[in-house]
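Taking it in order: structure first as structure tokens, then the write-up.
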Amino acid sequence: MRLTCPLCGERDRREFYYYGAEDYLHRPSEGAPLSEWDSYLHLRDNVAGVVRDLWYHEAGCAQWLVVTRNTVTHEISGVELVAERAK
Amino acid sequence: MPDLIAKSALEGRSLALGGVTLAEVDPGPITSIALYPGGTKTAAKGLRTLGLAMPGPNSFIEKKGARIVWTGREQAFLIGVAPPAIEGAALTDQSDGWAVLALSGVAAVEVLARLVPVDLRLAACPVGTALRTQVNHMNAVILRTGDYGFEILVFRSMARTAWHEIENAMHMVQARAGTKI
Amino acid sequence: MRYSGLKVITEGLFGNRGWTPAWRDPAPKAEYDVVIIGGGGHGLATAYYLAKNHGITNVAVLEKGYLGSGNIGRNTTIVRANYFLPGNSEFYSHSLKLWEGLEAELNYNVMHSQRGLINLFHSDGQRDAFVRRGNAMINQGDDAILLDREGVREHLPYLDFDNTRFPIYGGLLHPRGGTARHDAVAWGYARGADRRGVDLIQNCEVTGIDIEGGVVRGVQTTRGAIRARRVGIVVAGRSSQVAAMAGMRLPIESHVLQAFVTEGLKPVINHVVSFGMGHFYISQSDKGGLVFGGDLDFYASYAARGNLPMVEHVMEAGMTLMPMIGRAKVLRSWGGIMDMTPDGSPIIDRTHVEGLFIDCGWNYGGFKAVPASGWCMAHLMATGEPHEVARKFRLDRFATGHLLDEEGTGSQHNLH
């Protein structure tokens, strides 16, 4: 598997660390009910198909990335910088 | 303050095998420049005094012994000169944190091909390219300094491991060159 | 048909013409008391114990493919009870006891072999942790023996004891640990359930779960609707998809775990050896192949194939531990889909729908759990109450904070 980092270009999977589903970007606001925290930390759609998840370019530019990819075919259809996305 | 003696990680050693030379080089001062939010313009102004600018991704720029290397988003290493006054960025002295190895020779690219998971052939990696990647399992910054030359920055604590890995690869490439297939 | 040595001999003398199929191939009925979704090890064991322990025989097991076509048919076959945390400890202890009587129970040779499992340690701190674990195992009534370096050398002389990074300090021997024949476990339970009247229905994919007013009414399948008062979801590897049919979002992320088998060799590895620091474990199958594996590929995946960096990592770890295996040729490798929960422990519980139960989240330790999982799931479905040894495997434990984090690595799906 190879991921195309928006900064570094196409790189081997070994350079990246996988964190988990994109859900981690949607942190509940302060005072949110416990069920929201449970959902944020634990519950996952866990789709067999196209998902968006968080990867870290650990051995490259050290950027967090949102990767759109298919969990069945391993096809990668998009890689974005989390930093750019927040702007 | 006692008088400290500056020592390089590998005592400036060098090795030639099969037309490839590996040598430790002294890069001079290394300063990390990390832009603050909105600091792009003022930092550019500071760098202009050296005739330099923040480099684009995967590249480095050289001018009169000063080199500026892209090392990440809104971040670069200024190498070889003391940093000028720069507003709008965090400056951190990194000089003693790195060991720099120069690898040169026609087969240098074949040596690195055994260790680095990125295509380093000239067409894919022209002179002036700077890559953050790995040398085997070690994080490294690799600079394409010439058609047949590279410089490799690794954490100083891993200098001997990097040397060992590259030396092994040089032996293998040399052995391969002597084999008729 | 009852299997016996005599039967094998007489059949051998008369051309093996007297064998009959091990189970029937029934068409689905319109209604059952209980429907189990999933014809893997856990589902078949659940059906078996529903019939055996609770007298509930009007049961259907619905399997999308063929029986035992998931992880029960492809795993590294390790059976052990060396857990530490209360909640896991009693469950796996119960499971091991069931394993020890399983062949007689099922009249089926599952080739359970208690060859002993050795977990290696490489530092003083790790030794302390293993002493503590060993004491927990003994307190639970299971067995554990602390081996020093020379003790390990007596059992495993072929290891590299002086590796620079991970010199071997000793090991924790679990003599009752071992392996079993994976497929045979599924087949044994299938045959046992079938003989007690359970309908095993293959090529029957569940496409929907019928719920009315918060109560389960049955399932929709590719072979028609089937009514049932109680439905169990036992589909590790696809738990999230089936649970979604009932409107549930599970604390599960699916990951690939790879394993490898070499060509058949003469007996060389007599135990199950686990090298935790290198993420490597190995045993030798009765056919002679070295069976070994490592860690997850580390990203969510439903592709039943692994990636090459992990292949390299496992091979490197194997070479580090026992350089001799460099001579063996790998015959095949595979990747299985693991239900990874945030704490690395499973779930056997009711759901928000009355009459709907779920058994899932086996991470990469589901095989050894098959007997107790079936036993406890059957108890839950028959009585409505969790079995004593599985009462901590609750679905809501993540929300309430009652985690069973055996590895102590925290709430992240891929870290267990």
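The values are calculated or read from the model by the stated rules, or taken from the named source; none is laboratory data. Here the structure is a predicted model, which means the values were calculated and not measured. Here the Cβ positions follow ideal geometry from the backbone for every residue, glycine too, while neighbour counts run over all protein chains shown. When the accessible area is computed, the model is the full protein with side chains, heavy atoms only, and any ligands, DNA or RNA have been set aside. Shrake-Rupley method; radii C 1.70, N 1.55, O 1.52, S 1.80 Å.
Some points to look at:
- B:V111 vs. criteria modelled with pLDDT of 95 or more, of a type in the set (V, I, T), over 20 Å from A:G60 (Cβ atoms) and crowded, with 22+ Cβ neighbours inside 10 Å: yes
- Of the strands (runs of 3 or more DSSP E) lying entirely inside the stretch C:329-368, those carrying at least 3 residues that are within 18 Å of the chain's Cα centre (by Cα) and within 14 Å of another protein chain (Cβ to nearest Cβ) are C:330-340.
- Only one entry of C:Q241, C:Q258 meets the criterion of being in a strand (DSSP E or B), modelled with pLDDT of 95 or more, surrounded by 15 or more Cβ atoms within 10 Å (Cβ to Cβ) and within 14 Å of chain A (Cβ to nearest Cβ), and that entry is C:Q258.
- Scanning the stretch C:143-172 for residues that are in a helix (DSSP H, G or I), within 20 Å of C:S283 (Cβ to Cβ) and touching a Phe, Trp or Tyr at 6+ places or on another chain (Cβ under 7 Å) yields one hit, C:R153.
- Check on C:A45, open to solvent by less than 10 Å² (accessible area, probe 1.4 Å) and either at pLDDT below 95 or within 28 Å of C:V291 (Cβ to Cβ) (or both): yes
- Checked across the stretch C:302-311, the condition of being more than 27 Å from C:Y169 (Cβ to Cβ), open to solvent by less than 10 Å² (accessible area, probe 1.4 Å) and part of a loop (DSSP other than H, G, I, E, B) holds for at least one residue.
- Where strands (runs of 3 or more DSSP E) fall wholly inside the stretch B:71-171, the ranges with 2 or more residues that are closer than 24 Å to A:R13 by Cα are B:130-135, B:138-146, B:149-155.
- Tabulated pairs, the stretch C:399-416, first away from chain A (no Cβ under 13 Å) and within 17 Å of A:S35 (Cα to Cα), second polar (S, T, N, Q) and surrounded by 13 or more Cβ atoms within 10 Å (Cβ to Cβ), C-beta under 6 angstrom, 6+ apart or interchain: none
- Residue in the stretch C:312-330 that is surrounded by the most Cβ atoms within 10 Å (Cβ to Cβ), counting only those that are farther than 19 Å from C:L156 by Cα and touching a Gly at 6+ places or on another chain (Cβ under 7 Å): C:V314
- Scope the stretch B:157-173; condition closer than 18 Å to B:S14 by Cβ and either open to solvent by less than 60 Å² (accessible area, probe 1.4 Å) or touching a residue at least 40 places away in the same chain (Cβ under 8 Å) (or both); matching residues: B:A159, B:R160, B:A162, B:W163, B:E165, B:I166, B:E167, B:A169, B:M170, B:H171, B:V173
- Extreme residue, nearest to C:A193 (Cα to Cα), among residues of the stretch C:16-38 that are assigned to a strand (DSSP E or B) and among the charged types (D, E, K, R): C:D33
- Taken over the stretch B:21-45, the criterion of being more than 15 Å from B:I142 (Cα to Cα) and open to solvent by 40 Å² or more (accessible area, probe 1.4 Å) is satisfied by B:T21, B:D26, B:P29, B:Y36, B:P37, B:G38, B:T40, B:K41, B:T42, B:K45.
- Selected residue (criterion: farthest from the other protein chains (Cβ to nearest Cβ)) from residues of the stretch C:288-298 that are over 17 Å from C:A236 (Cα atoms) and modelled with pLDDT under 95: C:G294
- Qualifying positions in the stretch C:221-266 - farther than 29 Å from C:V34 by Cβ and more than 25 Å from the chain's Cα centre (by Cα): C:L265, C:K266
- Leading residue by the ranking (nearest to the other protein chains (Cβ to nearest Cβ)) among those in the stretch C:264-287 that are part of a strand (DSSP E or B) and touching a residue at least 60 places away in the same chain (Cβ under 8 Å): C:F275
- For the condition at pLDDT below 95 and either aliphatic (A, V, I, L, M) or surrounded by fewer than 16 Cβ atoms within 10 Å (Cβ to Cβ) (or both), A:L81 does not qualify.
- Taking the stretch B:124-137 as the range and being modelled with pLDDT of 95 or more and either farther than 23 Å from B:V106 by Cβ or in the same structural domain as B:K63 (by TED's automatic domain parsing) (or both) as the test, the residues that pass are B:R132, B:Q134.
- Within the stretch C:381-398, the set of residues being open to solvent by less than 20 Å² (accessible area, probe 1.4 Å) and more than 10 Å from chain A (Cβ to nearest Cβ) comprises C:M381, C:A390, C:F393.
- When the residues of the stretch C:130-162 are filtered to those that are open to solvent by 60 Å² or more (accessible area, probe 1.4 Å) and of a type in the set (A, V, I, L, M, F, W, C), the one that is nearest to the chain's Cα centre (by Cα) is C:I138.
- Of the residues making up the stretch C:368-390, just one is out of contact with any Ser or Thr (no Cβ under 7 Å at 6 or more places or on another chain), of a type in the set (D, E, K, R) and in contact (Cβ under 8 Å) with a residue 12 or more places away in the chain, namely C:E388.
- Counted residues, the stretch C:331-356 - those being touching a Lys or Arg at 6+ places or on another chain (Cβ under 6 Å) and surrounded by 19 or more Cβ atoms within 10 Å (Cβ to Cβ): 4
- Of all residues making up the stretch C:61-91, the number that are in a loop (DSSP other than H, G, I, E, B), among the polar types (S, T, N, Q) and over 17 Å from C:G336 (Cα atoms): 2
The rows are residues; the columns are (1) β-branched (V, I, T); (2) more than 28 Å from C:V34 (Cα to Cα); (3) crowded, with 23+ Cβ neighbours inside 10 Å; (4) in contact (Cβ under 8 Å) with a residue 60 or more places away in the chain.
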| position | (1), (2), (3), (4) |
| --- | --- |
| C:W99 | no, no, yes, yes |
| C:A104 | no, no, no, no |
| C:N107 | no, no, no, yes |
| C:R115 | no, yes, no, yes |
| C:N119 | no, yes, yes, yes |
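- Given (1) touching an Asp or Glu at 6+ places or on another chain (Cβ under 9 Å); (2) away from chain A (no Cβ under 12 Å); (3) closer than 30 Å to C:K392 by Cβ; (4) touching a residue at least 60 places away in the same chain (Cβ under 8 Å), number of the condition C:P323 does not satisfy: (3)
- Options C:G197, C:G218, C:G214, C:G208; residue that is of a type outside the set (S, T, Y) and crowded, with 21+ Cβ neighbours inside 10 Å: C:G218
- Pairs with Cβ under 6 Å, 6+ apart, first in the stretch C:21-37 and over 17 Å from C:I233 (Cβ atoms), second outside any strand (DSSP E or B) and open to solvent by 30 Å² or more (accessible area, probe 1.4 Å): C:P28/C:R223
- Considering the conditions (1) of a type outside the set (V, I, T); (2) open to solvent by 50 Å² or more (accessible area, probe 1.4 Å); (3) free of Cβ contacts under 8 Å to residues at least 12 places away in the same chain, C:F298 is excluded by exactly one of them, (3).
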